[in-house]
Amino acid sequence: MTEVAFHFNAPDKLAYACRFARKALRREMRVVITGAPGELQALDRMMWAVGSTDFVAHALADADPDIVRASPVLLAGDPLSVSPRDVLLNLGAQVPGGFEQFAKVVEVVSASDEADRQSARVRWRQYAAQGYDIVRHDLVLKENA
């Protein structure tokens, strides 16, 4: 069964997604990041702008098929449009379709955006109603530890 984790209190969801992707790459995991088109475009620009030592090899899901196959991190508005990978990181407001095809789903929740926090509560209830055990990671506690 897919592992579901909520990462709460992200000060900047896109910056967190970059850091998460970098860590996943170091662990040789393949990641799909999903969210709204505008978020994914901003994330794409952010990933290209990091320093050379922090570069995250990635592609938008609608890129050339050879690039998509070779990219360890894909940015996809629809996770069902790409072959499943190890981890699905959700920046969006809805439970992503096809999430159960991934070994792990990570839901990123803002520290200060109340609408984002409210939609996360709804997603939590949806996963729980389907019988998923949910792992909670409070990013504020993690930083202060």
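If you find the alpha carbon centre of region 86-127 and of region 7-66, how far apart are they in angstrom? That distance is 16 Å. Can you give the local net charge around PRO37? Use residues other than it whose beta-carbon is closer than 14 angstrom to its beta-carbon, Lys and Arg +1, Asp and Glu -1. Once all neighbours under 14 Å are counted, the net charge is -3.
Sorted largest first, the principal axis extents computed over the alpha-carbon atoms of region 3-140 equal 38, 28, 27 Å.
Each helix, a run of at least 4 DSSP H residues, gives -39500 (n - 2.57); summed and divided by the residues of the chain, these come to -11500 deg cm²/dmol at 222 nm. Restricting the GluC sites (Glu not before Pro) of region 1-104 to loop positions (DSSP other than H, G, I, E, B) with no more than 11 neighbouring Cβ atoms within 10 Å leaves GLU28.
We did not get these values from a lab; they are worked out from the coordinates using the rules stated. Quick caveat: nothing in here was measured; it's all calculated off a predicted structure. When we count neighbours, we look across all protein chains shown, and the Cβ atoms used for this are built from the backbone with ideal geometry, even at glycine.
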